[in-house]
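Everything on this sheet refers to the single structure shown next.
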Amino acid sequence: MVKRREAPAIPVEKKIEAFAAQADHVATVDTAHDKDAKRDYKAIRVPFNEYEFAQLEALCEKTQRSKLNMIRYALAFYAEHGQNELT
């Protein structure tokens, strides 16, 4: 005869509370990111329309930057200075 396993009957609410209590005790570690690290982490493809691409090219000619460098520069600039505009 097959002997069936039976789990102890723990109410669902207690399971949820136990799970939530574990989350309160987990220490999160902030990882420091190196801004000069090798660029092999992620890559994205950004489609532009004709107007946006013309703006990017004009800005790159004015600043003597490559297109990728201009996008990275804008990202760094807004990360540092653009806090007031986002909130």
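The values are calculated or read from the model by the stated rules, or taken from the named source; none is laboratory data. Note that the structure is a prediction, hence the values are computed from the model and not measured. When we count neighbours, we look across all protein chains shown, and the Cβ atoms used for this are built from the backbone with ideal geometry, even at glycine. These area figures cover heavy atoms from the full protein model, side chains too; ligands, DNA and RNA do not enter into them. Shrake-Rupley method; radii C 1.70, N 1.55, O 1.52, S 1.80 Å.
Annotations
- Considering the range 34-65, and only residues there that are surrounded by 10 or more Cβ atoms within 10 Å (Cβ to Cβ) and of a type in the set (S, T, N, Q), the residue that is farthest from Ala76 (Cα to Cα) turns out to be Gln55.
- On inspection, Tyr73 does not qualify as hydroxyl-bearing (Ser, Thr, Tyr), open to solvent by 80 Å² or more (accessible area, probe 1.4 Å) and part of a loop (DSSP other than H, G, I, E, B).
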